[in-house]
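The structure appears right after this line, and notes come after that.
The values are calculated or read from the model by the stated rules, or taken from the named source; none is laboratory data. Because the structure is a prediction, the values reported are computed rather than measured. Here the Cβ is made from the backbone with ideal geometry for all residues, glycine too, and neighbour counts use every protein chain on show.
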Amino acid sequence: MLRKMQLFASALLASEAAALVAHHRHGHQPYKRDLVYAHTEVVVETTWVTKTVYDDDPVPTTTPSVFKAAVPAKPTTSSSSVAPAPPPPPPAPPAPTTAAAPSPSPSPPPPPAQVQIENKPEAVKAPEPKSSAPAPPPPPPPPPPPASAPTPATPTPQPPAKPTEPNTGNSNSGSSSPAPATGGNKRGLSYNEASLTAPFLGSGNKLSWAYNWGQRPDGLSAAGIDYVPMLWGPIDMHTNTWKKNAEDALNKGAKSLLSFNECDFPSQCNKSPAEAAAAHIQWMNPYASRASISSPSITNSNIAGQGLDWLRAWVQACNGQCKFDFCAAHWYSPPNPADLLGHLDKVHEICQGKPVWLTEFAPISGDKAKFLADVMKELDTNPKYSYVQRYAYFMVGVGDDKLMSSASALNTVGQTFAYQ
């Protein structure tokens, strides 16, 4: 007599995943990094197998499991249940026991990449030309009156040669700078690798700024592109270099500074509103008279205490002492332009009418190019959204969920973002 054991974990997982989506809209992308440091964690995926067991077969003890290493993603919670096999009729032996393999320990993060610091070249000033006139001729002798001697013409001085503007970027390549972006555009690049930005910066691009979640441009050198440094979080590995790098950026012409990255989210900055307010006063306030400063950026999570809840609590915790000129917000959800624009309206309201920068956004499904075109039309042309000063799609990189089809070519979404 044979007996079967069937497991229905997949149906249970699907139902619980649907419940999670209903309670957490922020489908965060996993590829960004803080400064140049990448974090990794382990995601465990357990595969259950239906096994037919005969009376004379050895009893199985475990089912195989598979794990995947992944870059940081927003945590989700899921569980699975196992439907027990029907009890065998006596005197059959007991049913086999099934257990999942233990989860592997996460791998430690890789060591931080070294940032190369280059000295700013000095501008060469062209010498000023000197003009000279010949000495006047001697006066004519007394009578007989001589004919007047002609006065030589004074040479016209030429203007000095205009000195070449020094390159203040930290470029690692010898390639020429791409064409400058058209002035006044709101669009910017979020990148990790500056070498991938060249296809975005050709003639006719509509980009005006860039950032990389770090404090230095790491090779980005483009005319017309305003690099914006960020203090990713108030922890030693970032604050130890912030004063020097912020000063360096401001001396090279930076006009804005970005405060902490997603303190409302556990896998990012992860600070309470009160902690972030105190740290913002310490690290960002000193630059208030020299640059425009953002609030810490937030997600669009609707979990209590995150997203808009966190931003509202941060403004209250500041009690008027935090210096900030605009609020930074992120958005990841199904492709609904009205949902994104509504999120920005709420950020604008919580921030007491201050401007808003949308520093990360992307739909998590659907026709991404159409969604992007619809959103950009509103942000670029609708006077209602004039308070949105800048926005950056997530992100420069290769893949269907990014902006490039290869290291040297834009995909449809990238082409739409940079040139449409």
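State which residue is nearest to the chain's Cα centre (by Cα) when the search covers only the range 374-410 and only residues that are assigned to a loop (DSSP other than H, G, I, E, B) and surrounded by fewer than 19 Cβ atoms within 10 Å (Cβ to Cβ). Show your work before the answer.
First pass over the range 374-410, keeping only residues assigned to a loop (DSSP other than H, G, I, E, B): 382, 386-387, 392-397, 399-403, 407-408.
Retained after the next criterion (residues that are surrounded by fewer than 19 Cβ atoms within 10 Å (Cβ to Cβ)): 382, 386-387, 399-401, 407-408.
On the way: N382: 25, S386: 22, Y387: 20, G399: 16, D400: 17, D401: 14, A407: 18, S408: 20 Å.
Here the answer is D401.
Does the range 224-236 contain any residue that is over 28 Å from A338 (Cβ atoms) and modelled with pLDDT under 95? Yes. Screening P217 with (1) crowded, with 23+ Cβ neighbours inside 10 Å; (2) touching a residue at least 60 places away in the same chain (Cβ under 8 Å); (3) part of a loop (DSSP other than H, G, I, E, B); (4) in contact with a Pro (Cβ under 9 Å, 6 or more places away or on another chain) gives one miss only, at (2). In the set (1) closer than 17 Å to G214 by Cα; (2) surrounded by 14 or more Cβ atoms within 10 Å (Cβ to Cβ); (3) basic (K, R), K255 fails one condition alone, (2).
Residue count for the range 354-373, restricted to those that are under 26 Å from L220 (Cα atoms) and assigned to a strand (DSSP E or B): 7.
Tell me whether the range 291-309 contains one or more residues that are farther than 30 Å from P363 by Cβ, at pLDDT 95 or above and surrounded by fewer than 24 Cβ atoms within 10 Å (Cβ to Cβ). It would help to see each step written out before you state the result.
Narrowing the range 291-309 to residues farther than 30 Å from P363 by Cβ: 291.
Then keep just the ones that are at pLDDT 95 or above; that gives 291.
Among the residues that remain, those that are also surrounded by fewer than 24 Cβ atoms within 10 Å (Cβ to Cβ) are: 291.
Within the range 291-309, one or more residues are farther than 30 Å from P363 by Cβ, at pLDDT 95 or above and surrounded by fewer than 24 Cβ atoms within 10 Å (Cβ to Cβ).
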